[in-house]
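Worksheet for the structure shown next.
The values are calculated or read from the model by the stated rules, or taken from the named source; none is laboratory data. Treat the numbers as computed from the prediction; the structure is a model and nothing was measured. Cβ placement follows ideal geometry from the backbone for every residue including glycine, while neighbour counts extend to all protein chains displayed. Only protein heavy atoms, including side chains, enter the accessible area calculation; ligands, DNA and RNA are left aside. Shrake-Rupley method; radii C 1.70, N 1.55, O 1.52, S 1.80 Å.
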Amino acid sequence: MGLFDALKRGLSKTRDVFAGGLKKILFLGRRLDEDLLREIEDLLLRSDVGPKTTAALLDEVRASWKDGSVQKSEEIAPFLERRVAERLAAGGNEIARAQTPPTVILVCGVNGSGKTTSIGKLTKFLKSQGHTVVLGAADTFRAAAVEQLTIWSQRNGVEIVKQPQGSDPAAVAFDAVAAAKARKADYVVIDTAGRLHTQQNLMQELEKIRRVVKKAVPDAPHETLLVIDATNGQNAIRQAEQFHKAVGVTGIFVTKLDGTAKGGALIAVRDVIGVPVKFVGTGEQIDDIAVFDPKAFAAALFSAD
Ligand code: GDP
């Protein structure tokens with residue numbers, strides 16, 4: 001299955017609301033007027049595109065209407081699709097690559113967001129690109145997290161660096177990076193806690209991991225991926241803001257697009273946080289991962305049938 005079809009399938013619930021709704025609003029020959037723009041605004045909000053991005057998109061449509069570059073209602077959907085793709089493409093969508101391996105990827109996100117599964121998928125993806133990968137189990141707060149990650153390492157046939165529950169997460173992260181260096185691995189992917197006693201503890205710990213990792217590789221982490229669950233809609237955006245403030249997120253992995261009609265949140269999170277989406281998860285299986293492609297995403301989102 002091609003990327004566009006995978007995204008179309010993954011976005012089916014969002015498309016039902018968004019593309020289906022757009023088709024109803026923009027029937028052939030409909031006059032372009034303020035009523036029509038208000039209906040589009042409602043639809044964007046209902047699809048969880050969020051107030052900021054919705055307002056920005058509407059401003060762009062209005063400006064193009066006023067300057068004559070958009071004149072008919074049927075020009076609106078292609079215009080919006082282009083604008084959505086352009087907004088999502090800003091900043092580039094590729095995964096970082098260190099000049100000297102290993103590339104260190106820190107993965108953060110709240111429990112239940114799909115973090116462990118996404119690391120499993122990402123590992124398979126990196127391997128399929130010919131890279132060697134070492135995993136670091138730095139979510140030492142939950143024994144289950146280490147167990148789950150171990151299973152994903154076995155499925156992928158990659159090495160995992162871990163310590164017993166309760167060990168210092170930063171020490172595990174350091175060891176994982178050191179092991180990757182020693183093995184000349186291309187990537188080291190480090191899982192981090194998704195919950196601690198307090199939110200402040202969590203953010204402090206993530207900061208500590210960042211500091212300690214730099215002792216092994218000074219320009220690390222090269223990528224700090226935040227995993228967010230699309231089914232959380234606007235709540236996911238608030239989480240993303242907190243993580244970004246604490247650790248400086250460089251890329252977003254949006255999971256569970258397949259399970260939600262709130263896929264518009266992906267556009268909102270990119271806009272509000274100002275960090276590119278790099279991967280999407282479209283199912284529970286190891287291959288249900290897509291490298292984020294703004295054009296294909298926008299095309300799928302606007303595709304009603
Ligand atoms: P963690 O607590 O953040 O590490 O989350 P897990 O990786 O354990 O995932 C939580 C649940 O979400 C599991 O049931 C996963 O199978 C599921 N999950 C993860 N990613 C996706 C996705 O892209 N689509 C769907 N439908 N489920 C997902």
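Conditions tested, residue by residue: (1) more than 24 Å from Thr250 (Cα to Cα); (2) touching a strand residue (DSSP E or B) at 6+ places or on another chain (Cβ under 6 Å).
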| residue | (1), (2) |
| --- | --- |
| Val49 | no, no |
| Thr53 | no, no |
| Glu81 | yes, no |
| Asn93 | no, yes |
| Val107 | no, yes |
| Gly120 | no, no |
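So, Ser73, is that one away from the ligand (no atom under 16 Å from the Cβ) and either modelled with pLDDT under 95 or open to solvent by less than 30 Å² (accessible area, probe 1.4 Å) (or both) or not? Against the criterion (away from the ligand (no atom under 16 Å from the Cβ) and either modelled with pLDDT under 95 or open to solvent by less than 30 Å² (accessible area, probe 1.4 Å) (or both)), Ser73 qualifies. Going by what's in this entry, would Gln285 be described as within 18 Å of Thr116 (Cα to Cα), free of Cβ contacts under 8 Å to residues at least 40 places away in the same chain and not in a strand (DSSP E or B)? In short, yes.
Is it the case, given these coordinates, that Ser153 is among the hydroxyl-bearing types (Ser, Thr, Tyr) and either over 25 Å from the mean Cα position of the chain (by Cα) or in a loop (DSSP other than H, G, I, E, B) (or both)? Spelling it out, it is not the case that Ser153 is among the hydroxyl-bearing types (Ser, Thr, Tyr) and either over 25 Å from the mean Cα position of the chain (by Cα) or in a loop (DSSP other than H, G, I, E, B) (or both).
For Pro51, the conditions (1) out of contact with any Pro (no Cβ under 8 Å at 6 or more places or on another chain); (2) open to solvent by less than 60 Å² (accessible area, probe 1.4 Å) are fulfilled apart from (2). One residue stands out in the range 230-255 among those that are of a type outside the set (Gly, Ala, Ser) and at pLDDT 95 or above: the one that is farthest from the ligand (Cβ to nearest atom), namely Thr250. Within the range 34-41, none of the residues are under 20 Å from the mean Cα position of the chain (by Cα) and either over 14 Å from Lys23 (Cα atoms) or open to solvent by 10 Å² or more (accessible area, probe 1.4 Å) (or both). Pairs are defined by a Cβ separation below 8 Å, a sequence spacing of at least 6 or placement on different chains, a first member in the range 58-74 that is on the phi < 0 side of the Ramachandran plot, and a second member that is acidic (Asp, Glu); the pairs so defined are Leu58/Glu41.
In the set Leu80, Leu11, Leu58, Leu3, which member is open to solvent by less than 20 Å² (accessible area, probe 1.4 Å), within 16 Å of the ligand (Cβ to nearest atom), under 17 Å from Phe302 (Cβ atoms) and of a type in the set (A, V, I, L, M, F, W, C)? Working first, answer last.
Values: Leu80 fails: within 16 Å of the ligand (Cβ to nearest atom); Leu58 fails: within 16 Å of the ligand (Cβ to nearest atom); Leu3 fails: open to solvent by less than 20 Å² (accessible area, probe 1.4 Å).
Step by step, each of Leu80, Leu11, Leu58, Leu3 is checked, and only Leu11 is open to solvent by less than 20 Å² (accessible area, probe 1.4 Å), within 16 Å of the ligand (Cβ to nearest atom), under 17 Å from Phe302 (Cβ atoms) and of a type in the set (A, V, I, L, M, F, W, C).
If you go through the range 210-226 one residue at a time, do you hit one that is among the hydrophobic types (A, V, I, L, M, F, W, C) and under 30 Å from Lys13 (Cα atoms)? Break it down stepwise before answering.
Residues of the range 210-226 that are among the hydrophobic types (A, V, I, L, M, F, W, C), as a first pass: 212-213, 216-217, 220, 225-226.
Okay, now just the ones that are also under 30 Å from Lys13 (Cα atoms), so 225-226.
Taking every residue of the range 210-226 in turn, at least one turns out to be among the hydrophobic types (A, V, I, L, M, F, W, C) and under 30 Å from Lys13 (Cα atoms).
Does the range 89-97 include one or more residues that are more than 30 Å from Ala178 (Cβ to Cβ), without any contact (Cβ under 8 Å) to a residue 12 or more places away in the chain, small (Gly, Ala, Ser) and exposed (fewer than 13 other Cβ atoms within 10 Å of the Cβ)? The answer is no, given that none of the residues of the range 89-97 is more than 30 Å from Ala178 (Cβ to Cβ), without any contact (Cβ under 8 Å) to a residue 12 or more places away in the chain, small (Gly, Ala, Ser) and exposed (fewer than 13 other Cβ atoms within 10 Å of the Cβ). Condition first: buried (at least 22 other Cβ atoms within 10 Å of the Cβ) and β-branched (Val, Ile, Thr). Now tell me which residues in the range 117-157 satisfy that. Matches in the range 117-157: Ile119, Thr123, Val133, Val134, Thr140, Val146.
Just checking, how many residues over the range 121-147 are over 23 Å from Pro101 (Cβ atoms) and either acidic (Asp, Glu) or under 21 Å from the mean Cα position of the chain (by Cα) (or both)?
Here is the first cut: in the range 121-147, the residues over 23 Å from Pro101 (Cβ atoms) are 139-147.
Filter again for either acidic (Asp, Glu) or under 21 Å from the mean Cα position of the chain (by Cα) (or both), leaving 139, 145, 147.
Counting residues in the range 121-147 that are over 23 Å from Pro101 (Cβ atoms) and either acidic (Asp, Glu) or under 21 Å from the mean Cα position of the chain (by Cα) (or both) gives 3.
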